[in-house]
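See below for the structure under consideration.
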Amino acid sequence: MNMDISKASVDYMKDAKGRFVPKTLIKPIDKTRDELVREIVKAAQDVATLMSDFKRKTFADVAAFVEMSSEEYGAKVGGDKGNITLPTFDGEFKVQIAKGDYITFDERLQAAKELVDDCINEWAQGSRPEIKALVQQAFDTDKEGSINTGRVLALRRLNIEDEKWKSAMQAIGDSVQVTGTKTYIRLYRRVASGKYEAMPMDLAGI
């Protein structure tokens, strides 16, 4: 279909298959839905840009402060893996720059799972149901087929005196692979109890 693009934008709307549909043939509710979604997406894109700018500026400002503080005192500022916590003078707020590792498991995790399955089968009559559930959940995969690393590693904290179990836990430890790191910004506010609570930085937490 040949038509002037400027005219198409005024008199037509493109559907999901890329076809230009005359606006006169489109139901008002469909037009309203289209406008609403576009408004929400545009607002979200603006927020994402602000968050990206905020993150970039925060990293730069904290890095500059750390460098200034290091020069003044001749000492390295920061904790393990470069983690940094900066509190306000009154302790009401604090900013934390934290680095976290991306963890995956290699093929040895499968050997660990087989050993764990053997343990569960051997303990079938006498094992506590909550331990069974914890073990089974640890090796479940999500919709993307990924294993929850936290659940798997949590198995190593169980105090179980069984040689096969210990071998499984050793296999889990040996299978851990650090594939990268990511730096996070976390903001905290002190509450009435004196403890700090995280200030939400994502839509789900607000």
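Only residues that are open to solvent by 50 Å² or more (accessible area, probe 1.4 Å), without any contact (Cβ under 8 Å) to a residue 24 or more places away in the chain and touching a Ser or Thr at 6+ places or on another chain (Cβ under 9 Å) were counted in region 108-124, giving 1. Of all residues in region 116-146, those satisfying the criterion of being more than 15 Å from residue 162 (Cβ to Cβ), modelled with pLDDT of 70 or more and outside any helix (DSSP H, G or I) are 139, 140, 146.
Considering only residues that are free of Cβ contacts under 8 Å to residues at least 40 places away in the same chain and either assigned to a helix (DSSP H, G or I) or open to solvent by 70 Å² or more (accessible area, probe 1.4 Å) (or both), which ones fall in region 179-199? Listed by number, the residues that qualify are 192, 193, 195, 197.
Within region 152-178, residues that are closer than 13 Å to residue 106 by Cα have Cβ atoms under 7 Å from residues that are surrounded by fewer than 13 Cβ atoms within 10 Å (Cβ to Cβ) and among the aromatic types (Phe, Trp, Tyr) in these pairs: 178/102, counting only partners at least 6 apart in sequence or on another chain. Evaluate the following for residue 61: is it open to solvent by less than 90 Å² (accessible area, probe 1.4 Å) and either closer than 18 Å to residue 94 by Cα or touching a Gly at 6+ places or on another chain (Cβ under 9 Å) (or both)? Against the criterion (open to solvent by less than 90 Å² (accessible area, probe 1.4 Å) and either closer than 18 Å to residue 94 by Cα or touching a Gly at 6+ places or on another chain (Cβ under 9 Å) (or both)), residue 61 qualifies. Taken together, the criteria place residue 48 among residues that are closer than 27 Å to residue 183 by Cβ, of a type in the set (A, V, I, L, M), modelled with pLDDT of 90 or more and assigned to a helix (DSSP H, G or I).
The values are calculated or read from the model by the stated rules, or taken from the named source; none is laboratory data. The structure presented is a predicted model; accordingly, all values stated were derived computationally and were not measured. All Cβ positions, glycine included, derive from the backbone under ideal geometry; neighbour counts span all protein chains shown. To get the accessible areas, we keep the full protein, side chains included, count just its heavy atoms, and leave off ligands, DNA and RNA. Shrake-Rupley method; radii C 1.70, N 1.55, O 1.52, S 1.80 Å.
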